[in-house]
Amino acid sequence: ATASFGALVVITGSNFGTIRNNAKVLFAANRDDATATLAASQTPFPDSFDLAYIAADESNYDYEYWSDTEIHVRVPDGAATGNVYVKTNRGDSNYGQLTVQSSVGSRSYTERKTYVLQVTADVQNVDIKNPVSVMFRLPRPLVTSQQPLAELTECTPQPIFANYRNMIISQADFEKGSSRKQRFTQNFVVSTYSLHTDVHERAVKPFSEKSRVLYTEATRADTLIKSTDERVVQQAQDIVKKTSNPYTQAKRVYEYLLDSCELTAEPVKQRDEPLALLTDLRGDAYDFAIVYTALVRACGIPALPVSGVLVDADLKAANHWWCEVYIENFGWLPVDPALGAGLAYKAFKPQEDARAFYFGNLDSQHIAFSRGWNEVKPSFINSKTVYRPHTYAFQSIWEESNSGTVNYSSLWNAPMVLGIY
């Protein structure tokens, strides 16, 4: 009857389906406009979108067991006291009641903004001896508790897959001697909220469920986050000292970066390793986010780097990077070290104390495209692949051609905001 964020809830019933497929469990949502009525004629929201509910998040491994008669699911971030129900392709269940509360703290989602966002990429100057296919893997904006809507409204050309691991897979085929230019265009409607949290620091305890997939995946080292590097481990120990409180540790790492490192508006030249920030103490928003995540993971705290765009008051979108830290019985805590360090940014509503605000809070001008590293496998044998570092999504392959000798040029245009509601 009562559960905190991240707690495991068991739902019993019948006819849920032996496998989940696209079925989901929905919880009452903690949003300031959760009961608002959306007029389809006045907003770009799809008819099926419901502000009053939030689904358990597959990317957070919220679904732990699913059978025809029983479901084990975690209470997602953004849930509130109220109705819970199961939605399947064969219909919806009756409502159950759940009280959501946590001794660790609370969160609120306010000031929704809805953007019309366009992402384009071009292929041209193709130089080939034989017919070739070029595949583009275009990142999609995420669906999260803070960003509950990311609807693809237009996609040219018709994609192979509209949503595969949060990517749009599109392909262009070129004949020998082809001189044509191919443009890939995607339009999205993205809705985001400002997230405000209130954490009771003394109530935070060290992570107890270390067997959870969320914990193991968000604390291990990977291609992007080198949290086992000796420099990172030693620096993390020096920062947190004997403190065992995860919230306190995460805050000390944040304060260390802001007090010890200089934020630069552009990437530091002749350097492609973010960990150099620990030695030369200079770096951009990307370096701050990657190093912060690595240091927090080295403390044994689940953390994710987030990549996307930051939309300013003039509706100009720029690549941006921030972080999330997981606090047990509370959920994900947003942290933006670059904005906390004073990154120049024209906000709709400027923060009086950016340093304090961006540890635990986030405005609705962030649009997220990825959380953590997305290791993509090639689709072709002996293919030529392209990786785009330092951009608005963390994925290992952005472009792929089925010939190792093909030459072409590609241009990824910065995401553009076409409108705001």
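Per-structure values
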quantity: Whichever residue in segment 56-103 is open to solvent by 70 Å² or more (accessible area, probe 1.4 Å) and either over 27 Å from the mean Cα position of the chain (by Cα) or β-branched (V, I, T) (or both) and, among such residues, is farthest from T144 (Cα to Cα); calculated: T69
quantity: Single match in E400, E352 (criterion: surrounded by 14 or more Cβ atoms within 10 Å (Cβ to Cβ), acidic (D, E) and over 25 Å from V417 (Cα atoms)); calculated: E400
quantity: Residue, nearest to A80 (Cα to Cα), within segment 347-358, restricted to residues that are touching a helix residue (DSSP H, G or I) at 6+ places or on another chain (Cβ under 8 Å) and in a loop (DSSP other than H, G, I, E, B); calculated: Y358
quantity: Qualifying residue in segment 223-234 (condition: under 29 Å from Y63 (Cα atoms), touching a Phe, Trp or Tyr at 6+ places or on another chain (Cβ under 6 Å) and in contact (Cβ under 8 Å) with a residue 24 or more places away in the chain); calculated: yes
quantity: Condition met for V335 (of a type in the set (V, I, T) and closer than 25 Å to E201 by Cα); calculated: yes
quantity: Unique residue being out of contact with any helix residue (DSSP H, G or I) (no Cβ under 7 Å at 6 or more places or on another chain), at pLDDT 95 or above and either more than 21 Å from G308 (Cα to Cα) or open to solvent by 60 Å² or more (accessible area, probe 1.4 Å) (or both) when the list is L411, L418; calculated: L418
quantity: Subset of segment 314-327 [surrounded by fewer than 24 Cβ atoms within 10 Å (Cβ to Cβ) and either in contact (Cβ under 8 Å) with a residue 40 or more places away in the chain or of a type in the set (K, R) (or both)]; calculated: L315, K316, A317, A318, N319
quantity: Close pairs from segment 249-266: first in contact (Cβ under 8 Å) with a residue 24 or more places away in the chain, partner open to solvent by 70 Å² or more (accessible area, probe 1.4 Å) and not basic (K, R), Cβ under 7 Å, at least 6 apart; calculated: A265/A344
quantity: Segment 227-246, subset assigned to a helix (DSSP H, G or I) and either closer than 19 Å to P305 by Cβ or in contact with a His (Cβ under 6 Å, 6 or more places away or on another chain) (or both), residue most open to solvent (accessible area, probe 1.4 Å); calculated: R231
quantity: Of all residues in segment 268-280 being of a type outside the set (V, I, T) and open to solvent by 60 Å² or more (accessible area, probe 1.4 Å), the one that is farthest from Y392 (Cα to Cα); calculated: D280
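The values are calculated or read from the model by the stated rules, or taken from the named source; none is laboratory data. Everything numeric in this text was worked out from a predicted model, so none of it was measured. A quick note on method: Cβ atoms are made from the backbone with ideal geometry, for glycine too, and the neighbour counts reach across all protein chains shown. For accessibility, only protein heavy atoms count, side chains too; no ligands or nucleic acids. Shrake-Rupley method; radii C 1.70, N 1.55, O 1.52, S 1.80 Å.
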